[in-house]
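The values are calculated or read from the model by the stated rules, or taken from the named source; none is laboratory data. Keep in mind it's a predicted model, so treat the numbers as computed, not measured. Glycine also receives a Cβ, built like all others from the backbone with ideal geometry; neighbour counts cover every protein chain displayed.
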Amino acid sequence: MQGNKLLKAMKRLLECLLVLGLVALFLTGSFLVYDTLRLMRHAQDPTLQAYRPQAQMVLEEKQIGPEEVCWITIEDTGVDFPVMQSTDNIKYLQTDPYGDFSMSGSIFLDCRNAPDFTDPYSIIYGHHMEQGLMFGALDDFRDAGFAAAHRKGQLTTCTARFTFQVFCTLEADAASSLLFRPCARTEVLEELEKNAFWYETPGQGRIVALSTCTGTEDTTRFLVVGTIEEQS
């Protein structure tokens, strides 16, 4: 008799534990879905487009804040973003252009570069997000045909508008390559031509590299590189 009661009690306990486990799985799954949607919403925040410079307009006329240094667009691609710059390369990994916490962060210029893009070589970083969001949009440039057909863009600062012309794509190790520090134009071109997937001889303008991760476990980065020349 007592044995039957004990078995029934254990059965009820197991049923309760099973229900609790299922509820926990449901809540965990719901949170992960919510978190993913929230991350994607931050990564494609439509309110930012209100600050996009229009034709013949410089950035200061519609600037998000003092740390926005430019707006970059490559025509007919997902590259269409404000570019921020802090005193370090950490802040905008998890801060949106409005200054709020965001796991998707912002597109940002290397803190060692001049904010007016007067350096011979500048580096712009962005998270690699799924579905072509943020600098996940750079994945299309792995195809040489796509890269050759989508070379033109614009880079607008507070004082000037530049044409942006893609001429190179490659992968490089962020831990060792000179491409991840401001350096001389000659050095950059030698490194690019030596390691490029796709390369066309660039014009004389200053060089700007767009860099994003290729995975979560290593320091390999994918770069789309172009020149900028000021528009008259």
Residues Phe162, Phe135: which one is under 16 Å from Gly78 (Cα atoms), in contact (Cβ under 8 Å) with a residue 24 or more places away in the chain, touching a strand residue (DSSP E or B) at 6+ places or on another chain (Cβ under 6 Å) and among the hydrophobic types (A, V, I, L, M, F, W, C)? Phe135
Could you tell me which numbered condition Ala137 fails, if it satisfies all but one of (1) closer than 23 Å to Thr219 by Cβ; (2) modelled with pLDDT under 95; (3) out of contact with any Ser or Thr (no Cβ under 8 Å at 6 or more places or on another chain)? (3)
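Residues Thr220, Thr212, Thr186: which one is in the same structural domain as Asp110 (by TED's automatic domain parsing), of a type in the set (Ser, Thr, Tyr) and either buried (at least 21 other Cβ atoms within 10 Å of the Cβ) or touching a residue at least 60 places away in the same chain (Cβ under 8 Å) (or both)? If you could, list the steps in order and put the result at the bottom.
Working: Thr220 fails: either buried (at least 21 other Cβ atoms within 10 Å of the Cβ) or touching a residue at least 60 places away in the same chain (Cβ under 8 Å) (or both); Thr186 fails: either buried (at least 21 other Cβ atoms within 10 Å of the Cβ) or touching a residue at least 60 places away in the same chain (Cβ under 8 Å) (or both).
Only one candidate qualifies: Thr212.
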Which of the following residues is under 23 Å from Thr214 (Cα atoms) and touching a Gly at 6+ places or on another chain (Cβ under 7 Å): Gly136, Gly145, Gly105, Gly78? Gly78
What's the number of the condition Ala55 fails, among (1) in contact (Cβ under 8 Å) with a residue 40 or more places away in the chain; (2) among the aliphatic types (A, V, I, L, M); (3) out of contact with any Ser or Thr (no Cβ under 7 Å at 6 or more places or on another chain); (4) within 15 Å of Gln154 (Cα to Cα)? (1)
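I need a count of the residues in segment 197-229 that are of a type in the set (Ser, Thr, Tyr) and part of a loop (DSSP other than H, G, I, E, B). Show your work before the answer.
As a first pass, look at segment 197-229 and keep what is of a type in the set (Ser, Thr, Tyr): 199, 201, 211-212, 214, 216, 219-220, 227.
In the following step, the residues that additionally are part of a loop (DSSP other than H, G, I, E, B) were identified as 201, 214, 216, 219.
The total comes to 4.
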Of the numbered conditions (1) within 15 Å of Thr77 (Cβ to Cβ); (2) part of a strand (DSSP E or B), Ala172 satisfies every one except a single condition; which is it? (1)
Could you check Ala148 against (1) modelled with pLDDT under 95; (2) within 18 Å of Leu59 (Cβ to Cβ) and say which number it fails? (2)
Going by what's in this entry, would Ser177 be described as polar (S, T, N, Q) and surrounded by fewer than 21 Cβ atoms within 10 Å (Cβ to Cβ)? yes
How many of the residues making up segment 81-127 are touching an Asp or Glu at 6+ places or on another chain (Cβ under 7 Å), small (Gly, Ala, Ser) and surrounded by fewer than 16 Cβ atoms within 10 Å (Cβ to Cβ)? 1
